[in-house]
Amino acid sequence: MSEPLKPLHEGISGQPHPRSALTGLRNPDVRDLLSSIATGARPLAHTTFDGHESPRTAMHLRELFIEHGLLEPIDRNLLNFEAWLDRVLAELMDPDHHALIKQFATWHHLTTCAGCANSPSPEN
C-alpha cells in the first residue's frame, strides 16, 4: 500500500459496506487514477482530477480524497463553473470574443464565486 494513500484505504475498508467500495474499484478509470497516484506518475493534488476524461469518476475520487484528509477542501461549484467556462471558451472561434468572455468571467464571476466560497455563511 502506498503510504500517501493509507488514509483512503483505511477509510474505505472501515466503512460499514466495504464491498461497495470494492465494486467501484473495478472501474478502469478509478484503477487508473489510484494506481497513477500510488506510483507517483500523477501528483496527489487537485490538478490530477482536473480535466480528467471521466469527470464523474474524478469528482467522486476527489471527494473521497478530501473526506479522508488527502486533499484540502475545494468549492465544487467553483470547479463546475471553471470547467463550464473552459468548455465555452474552447468552442469560441473569434479570438476577440474569447478574450472578452474570458476576461469578464474571470473578473466578475470567478471573483464573485471565490468570494462566496471564502466568506462565512450567514447565521440565523
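The values are calculated or read from the model by the stated rules, or taken from the named source; none is laboratory data. All values reported here derive from a predicted model rather than from experimental measurement. Here the Cβ positions follow ideal geometry from the backbone for every residue, glycine too, while neighbour counts run over all protein chains shown. Accessible surface is based on the protein model in full, side chains and every heavy atom, while ligands, DNA and RNA are left aside. Shrake-Rupley method; radii C 1.70, N 1.55, O 1.52, S 1.80 Å.
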Query raised in the report: Tell me, which residue of segment 1-53 that is closer than 22 Å to E72 by Cβ and among the basic types (K, R) is modelled with the lowest pLDDT?
Result: K6
Query raised in the report: Out of all the residues in segment 52-74, which are under 13 Å from N27 (Cβ atoms), open to solvent by 50 Å² or more (accessible area, probe 1.4 Å) and in a loop (DSSP other than H, G, I, E, B)?
Result: E53
Query - Failed item in (1) closer than 30 Å to F81 by Cα; (2) at pLDDT below 80, with M59 passing the rest - result: (2)
Query raised in the report: How do the helices (runs of 4 or more DSSP H) wholly within segment 1-50 filter down when requiring 1 or more residues that are in contact with a Pro (Cβ under 9 Å, 6 or more places away or on another chain): which remain?
Result: 6-13, 28-38
Query raised in the report: Looking at segment 84-98, is at least one residue modelled with pLDDT under 90, open to solvent by 80 Å² or more (accessible area, probe 1.4 Å), of a type outside the set (F, W, Y) and under 30 Å from S13 (Cβ atoms)?
Result: no
Query raised in the report: S13 fails exactly one of the following numbered conditions: (1) among the small types (G, A, S); (2) within 18 Å of S54 (Cα to Cα); (3) open to solvent by 60 Å² or more (accessible area, probe 1.4 Å). What is the number of that condition?
Result: (2)
**Report entry** Pair list, Cβ under 9 Å, 6 or more apart: segment 54-79 residue within 18 Å of P4 (Cβ to Cβ) and touching a residue at least 40 places away in the same chain (Cβ under 8 Å), other residue of a type outside the set (S, T, Y) and open to solvent by 100 Å² or more (accessible area, probe 1.4 Å)
**Finding:** H68/E10
Query raised in the report: Out of T23, T57, which single residue is within 18 Å of the chain's Cα centre (by Cα) and of a type outside the set (K, R)?
Result: T57
Requested in this report: Consider only pairs whose beta carbons are under 8 Å apart and that are at least six residues apart or on different chains; among these, list those whose first residue lies in segment 80-99 and is part of a helix (DSSP H, G or I) and whose second residue is surrounded by 13 or more Cβ atoms within 10 Å (Cβ to Cβ) and of a type in the set (V, I, T).
Outcome: V88/I101; L89/I101
